Amino acid sequence: HKWIGFELQTPSGRSAIGARVVFTCNSLTYMDEVHSGRGYQSHYATRLHFGLGKQEAISEVTVRWPTGQQETYRGLEVGQYHLLRQRR
């Protein structure tokens with residue numbers, strides 16, 4: 001099955017805790033937020049991973065950064081992680 005992943009960074013190079021990623025494949029909308037935290041012998045990963053089933057492509061991804069700024073990214077291939085950096 002197909003998948004896509006994202007790692008989000010602020011202009012200073014830090015993980016974008018609180019950023020929200022949204023995109024649509026056919027009629028399904030996918031959304032997740034970057035979290036941070038720890039539990040007993042565990043840690044939330046700051047990378048986001050989405051299972052896409054049999055979807056071969058996504059048209060665009062929208063990121064709402066913790067600052068409230070919103071950006072759209074296009075042309076991202078499935079089957080890999082993408083590093084998305086917030087523009088200044």
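See the values below:
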read-out: Residues of segment 65-82 that turn out to be over 15 Å from Val22 (Cβ atoms) and open to solvent by less than 50 Å² (accessible area, probe 1.4 Å), as a count; value: 2
read-out: Residues being under 10 Å from the mean Cα position of the chain (by Cα), small (Gly, Ala, Ser) and either surrounded by fewer than 21 Cβ atoms within 10 Å (Cβ to Cβ) or closer than 15 Å to Gln80 by Cβ (or both) - total across segment 1-21; value: 1
read-out: Filter pass, Thr62 being open to solvent by less than 70 Å² (accessible area, probe 1.4 Å) and of a type in the set (S, T, N, Q); value: yes
read-out: Residue among Thr46, Thr62 that alone is at pLDDT below 90 and among the β-branched types (Val, Ile, Thr); value: Thr46
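The values are calculated or read from the model by the stated rules, or taken from the named source; none is laboratory data. No experiment lies behind these values; they were computed from the predicted model shown. Positions of Cβ are generated from backbone atoms using ideal geometry, with glycine treated the same way; all protein chains shown enter the neighbour counts. Ligands, DNA and RNA are excluded from the accessible area calculation, which covers all protein heavy atoms including side chains. Shrake-Rupley method; radii C 1.70, N 1.55, O 1.52, S 1.80 Å.
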